[in-house]
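Derivation of every value follows stated rules applied to the coordinates shown; laboratory data play no part. It should be emphasised that the depicted structure is a prediction, and the values quoted were computed from it without experimental measurement. Every residue, glycine as well, gets a Cβ built from its backbone with ideal geometry; the counts of neighbours run over all protein chains shown.
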Amino acid sequence: MPASPRELDAPAAASARAGANFALIKYWGKRDVALNLPDVGSISLTLEALHTETTVRFDPTLAADELVLDGEPAPERAPRISTFLDVVRERAGVRAFARVETANNFPTAAGLASSASGFAALTVAAAAALEQDWDERTLSELARIGSGSAARSIFGGFVEMKRGRYRTGSDSVAKPIADARHWPLQVAVAITTRAEKAVGSTEGMQRTAETSPFYRAWVENQENDLAEARDAIANKDFEHLAEVSEGSALAMHGLAMSARPGLLYFNATTMECLHRIRALRADGVPVFFTVDAGPQVKAICESVALPTVRDALRDVDGVLDVVESGLGPGAALYAP
Ligand code: DP6
């Protein structure tokens, strides 16, 4: 790293797109808050149809970082972006503020993992704008500093995030475990509200780690779930993946409910969807659910089952929309 940061002579810009991801084996809890190091590993799917597109422009004439989200200035969210860009600037040895324009093609912050695709796209765009030739592992490490789940959206298909052991976090990175063609599962997301969630995941998991009497048990069990999910994915064993993934989602929510004050991310429609999905599976339809820190329900199914699953979720009272997606690629640059 240069002793003093280099000034840019002219603006430097790049654009990147990253798919949302959601975890089958959940990340909930940090071993280091400042560096954003997870206390548990996780396994996720990167989606094709839900994505974030981000353009970053480092400009020596700017007096501060600026953020435009879905076409509107978003100064209230700019500090988190600035803190992250400070890390990128320090690593790149560059001094210049940036204008970040980012757009999601799905509701922001309603439990569809916008921070994951957002920070993954921003990491890849910022690295390219500053002409940094960082490998994917380094991009994943940087994205993790922005948001833990973002480390996973650097990669496509089935992805595992490592808890890591080092205090620096250099081994708390994601890696791909199978690409989308290995097992082209489909996802139907039932949108049960368009409102923002009450307690974000960063705050929710911190409260859980500090107050839940069951937190240590959750951390200790995680390696078993990760090993089972890895096996089920390698063997394309749907029943097994369904069991361990639903178990992890329900354990995460049970744990969150056991925080003080308890965190309630489900609404009544969420619960109806879970029952509907369980009933479908009991009837032989290959589908299972997961839910993140919000009330939307993600139904994961074999492709043959997608029409049945979509129709069943649309039929649930309170479901506003059902968004479908296959598994997608990792974060990449694009020409806007
Ligand atoms: C419930 O990655 O949003 O979606 O690291 O604080 O930014 P920070 O948290 P974040 O948490 C995601 C939590 C989850 C489960 C998961 O994606 O694994």
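Only residues of the stretch 4-34 count here: report those whose backbone N is under 19 Å from the spot 7 Å along Cα→Cβ of F214, or say none. It comes to 24-30, nothing else.
From the Cα gyration tensor of the stretch 213-336, with a ≥ b ≥ c the square roots of its eigenvalues, which class applies: rounded if a/c is under 1.5, or else prolate if a/b is larger than b/c, or else oblate? Because its axes are fairly even, with a/c under 1.5, the stretch 213-336 counts as rounded.
Its DSSP H runs of at least 4 residues, each contributing -39,500 (n - 2.57), put the calculated 222 nm mean residue ellipticity of the chain at -11500 deg cm²/dmol, to the nearest 500. Residues of the stretch 47-76 with amide nitrogen under 19 Å from the 7 Å Cα-to-Cβ point of E196? In the stretch 47-76, the label zone of E196 (backbone N under 19 Å from the point 7 Å along Cα→Cβ) covers 52-53, 66-76. When the chain is treated as a GNM with alpha-carbon contacts under 10 Å, the residue of L280, L37, L122 showing the greatest mean-square fluctuation is L280.
The residues neighbouring K175, those whose beta-carbon lies less than 15 Å from its own, together hold a net charge of 0 under the Lys/Arg +1, Asp/Glu -1 convention.
Site pair E203 and H182 shows an inter-label distance of 3.7 nm when each label is modelled 7 Å from Cα along Cα→Cβ. Residue exposure proxy: I300, I25, I177, ordered by other Cβ atoms within 10 angstrom of their Cβ from fewest to most, comes out as I177, I300, I25.
Put a plus charge on the Cβ of each Lys and Arg, a minus charge on the Cβ of each Asp and Glu, and nothing anywhere else: the dipole of the stretch 1-146 about its Cα centre is then about 380 debye. The long axis of helix 114-129 is offset from the longest Cα principal axis of the chain by roughly 30 degrees. Against the chain, whose longest principal axis is taken from its Cα atoms, helix 136-146 shows a tilt of about 90°. When a footprinting reagent is the concern and you count Cβ atoms within 10 Å, what order do E136, E239, E246 take, fewest first? With the sparsest Cβ surroundings first, the list reads E239, E136, E246.
A Cβ-based charge dipole, computed about the Cα centre of the chain with Lys and Arg at +1 and Asp and Glu at -1, lands at about 560 debye.
Between helix 201-211 and the chain there is an angle of about 70 degrees, using the helix long axis and the longest principal axis of the Cα atoms.
With point charges of +1 on the Cβ of Lys and Arg and -1 on the Cβ of Asp and Glu, referenced to the Cα centre of the chain, which listed residue (I43, T83, L320) lies farthest in the positive direction of the dipole? Value: T83.
On full extension, the segment bounded by D317 and V87 gains 78.3 nm, given 0.36 nm per residue less the C-alpha separation. Between G330, F214, G157, the Cα set farthest toward the positive side of the dipole of the chain (charges on each charged residue's Cβ, about the Cα centre) is that of F214. The ranking of T54, T83, T193, T270 from fewest to most other beta carbons within 10 Å of each one's beta carbon is T83, T193, T270, T54. In percent, rounded to a whole number, the relative contact order of the chain is 24, using alpha-carbon pairs under 8 Å and six or more apart.
Ranking A116, F97, T61 by Cα position along the charge dipole of the stretch 6-180, where only Lys, Arg, Asp and Glu carry charges on their C-beta atoms, puts A116 farthest toward the positive end.
Using C-alpha pairs below 8 Å separated by at least 6 residues, the relative contact order for the stretch 186-326 is 42 percent.
Applying 1/(1 + (r/R0)^6) with R0 = 35 Å to the Cβ-Cβ distance of A64 and L264 gives a FRET efficiency near 0.40. Each Lys and Arg contributes +1 and each Asp and Glu -1, all at the Cβ; summed about the Cα centre of the stretch 76-179, the dipole is approximately 380 debye. Note on D283 and L333: with the Förster distance fixed at 45 Å, the Cβ-Cβ geometry gives a FRET efficiency of about 0.50.
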